[in-house]
Amino acid sequence: MKRMKLSAEATLTRELVYEATGLTSLNLSHLASAVRLEMANGNIQADGKQWIEYNEQQLLQQAIDLAKQWLSSWQNKPGQSFVITSGAVGEKAMQVQEGEQWQPIGAHHFSGFGNGKTTIAEALFYGCGVMTINEVEQAQELCIYPAGKLRSAREWMLMQSETDFSLDKFLFSEQLGKPRVILIDDVGREGSIPFVRSTEQASEIQTRYYDLINYCYRQKLSVIMTSNYRLNELATFLGGATWSRLLEMVPDGFMIDITGVRDYRPIAGGRVTAPMDL
Ligand SMILES: Nc1ncnc2c1ncn2[C@@H]1O[C@H](COP(=O)(O)OP(=O)(O)OP(=O)(O)O)[C@@H](O)[C@H]1O
Ligand SMILES: [Mg+2]
């Protein structure tokens, strides 16, 4: 459950929901609006090298805007799903645009980690929850009861090893009844499944994902997924039958790849002082 204190006179607006779910915790001030990364296949030629150019700020902003759009259409589209990924591009020489000039700012390691995927995914997950406002003394409190289960990809895989495991039993809640949404965090980070031969691991993981996603597909249960794979890698990893279902469940535009948005964790840990000084 998630809770947020409100003032006595507050009414439940969309903005408050975004705040309560954590969506507004993401800021853009550490991101550049025009970035160049040195890439062998880059289409821009400068300083005798090849570069790709993109708007880092806009990449994250777009993901946040799409999350808001997703939340406002979700109620009328049972089973509507969402996928957000970012892959690693490794250590790249970087330039940012200042006025008309491109300034070299050294190399940055783009790990694909820590750029807000789980934050956005959780905001969607809680945004599908059941919200109540309770009076508390001179204030109010917004409580969100999740309308389903949030687990790491590894947990979703491991729970299927239990002998009498059933998704019906696991997902049904006495309090809220039929589930409406699940979150699978970090697809690709399942590790290995116990008691399965190493040569069978990949196909066993695909089978387990198939069972999980096909269940959601048939029950019209929304799936929210994060991964450090690029989208094409994710498709291969999950297998054709699962990916085909996701292509229907996730409306066009709601499969988002934010590769190239930098890791916030070193900034949060005070390792990077001036945001642009990476
Ligand atoms: N743009 C941002 N502004 C403020 N905080 C951020 C931003 N991006 C990420 N964070 C914070 O950094 C931490 C990592 O974010 P999050 O867990 O969403 O990353 P992730 O993309 O899921 O990473 P991983 O790929 O490692 O799972 C969290 O504490 C999150 O609140
Ligand atoms: Mg994450």
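No value in this document is a laboratory result; all are computed from the given coordinates. Predicted, not measured: the structure shown is a model, and the values here were computed from it. Positions of Cβ are generated from backbone atoms using ideal geometry, with glycine treated the same way; all protein chains shown enter the neighbour counts.
Take Pro194 and decide whether it is farther than 30 Å from Ala88 by Cα and either surrounded by fewer than 17 Cβ atoms within 10 Å (Cβ to Cβ) or more than 12 Å from ligand 1 (Cβ to nearest atom) (or both).
On the way: farther than 30 Å from Ala88 by Cα: no; either surrounded by fewer than 17 Cβ atoms within 10 Å (Cβ to Cβ) or more than 12 Å from ligand 1 (Cβ to nearest atom) (or both): yes.
Considered against the rule, which asks whether it is farther than 30 Å from Ala88 by Cα and either surrounded by fewer than 17 Cβ atoms within 10 Å (Cβ to Cβ) or more than 12 Å from ligand 1 (Cβ to nearest atom) (or both), Pro194 comes out as no.
Given Phe170, Phe125, which one is in a helix (DSSP H, G or I) and either within 15 Å of ligand 1 (Cβ to nearest atom) or more than 21 Å from Arg208 (Cβ to Cβ) (or both)?
Working: Phe170 fails: either within 15 Å of ligand 1 (Cβ to nearest atom) or more than 21 Å from Arg208 (Cβ to Cβ) (or both).
Just a single option satisfies the conditions, and that option is Phe125.
Residues checked against (1) closer than 26 Å to Glu91 by Cβ; (2) aromatic (Phe, Trp, Tyr); (3) more than 16 Å from ligand 2 (Cβ to nearest atom):
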| position | (1), (2), (3) |
| --- | --- |
| Pro179 | no, no, yes |
| Asp186 | yes, no, no |
| Arg189 | yes, no, no |
| Tyr215 | no, yes, yes |
| Ser222 | no, no, yes |
| Trp243 | no, yes, yes |
| Leu247 | no, no, yes |
| Thr259 | yes, no, no |
| Arg265 | yes, no, no |
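With the checklist (1) surrounded by fewer than 16 Cβ atoms within 10 Å (Cβ to Cβ); (2) touching a Gly at 6+ places or on another chain (Cβ under 7 Å); (3) basic (Lys, Arg) in hand, flag the one item Arg230 doesn't pass.
So Arg230 meets the others, but not (1).
Give me the residue from segment 216-243 that is among the aromatic types (Phe, Trp, Tyr) and in a helix (DSSP H, G or I) and, out of that set, farthest from Lys117 (Cα to Cα).
Tyr217
Conditions: (1) more than 27 Å from Asp47 (Cα to Cα); (2) touching a residue at least 40 places away in the same chain (Cβ under 8 Å). Gln97 meets all but one. Number of the miss?
Unmet for Gln97, out of (1) more than 27 Å from Asp47 (Cα to Cα); (2) touching a residue at least 40 places away in the same chain (Cβ under 8 Å): (1).
Just to check your reading of the model, which residue among Val96, Val17 is away from ligand 1 (no atom under 16 Å from the Cβ), under 30 Å from Tyr217 (Cα atoms) and β-branched (Val, Ile, Thr)?
Of the residues listed, the single one that is away from ligand 1 (no atom under 16 Å from the Cβ), under 30 Å from Tyr217 (Cα atoms) and β-branched (Val, Ile, Thr) is Val17.
Go through segment 190-215 and give me each residue that's touching a residue at least 24 places away in the same chain (Cβ under 8 Å), outside any helix (DSSP H, G or I) and touching a helix residue (DSSP H, G or I) at 6+ places or on another chain (Cβ under 6 Å).
Glu190, Gly191, Ile193
Could you list, in sequence order, all residues of segment 13-58 that are assigned to a helix (DSSP H, G or I) and either within 16 Å of ligand 2 (Cβ to nearest atom) or closer than 15 Å to Val96 by Cα (or both)?
The answer is Thr21, Leu23, Ser25, Glu56, Gln57, Gln58.
I'm trying to understand the selection: among the residues of segment 1-30, which are free of Cβ contacts under 8 Å to residues at least 60 places away in the same chain and closer than 18 Å to Ile120 by Cβ?
If the condition is that a residue be free of Cβ contacts under 8 Å to residues at least 60 places away in the same chain and closer than 18 Å to Ile120 by Cβ, then Arg14, Glu15, Glu19, Thr24, Asn27, Leu28 are the ones that fit.
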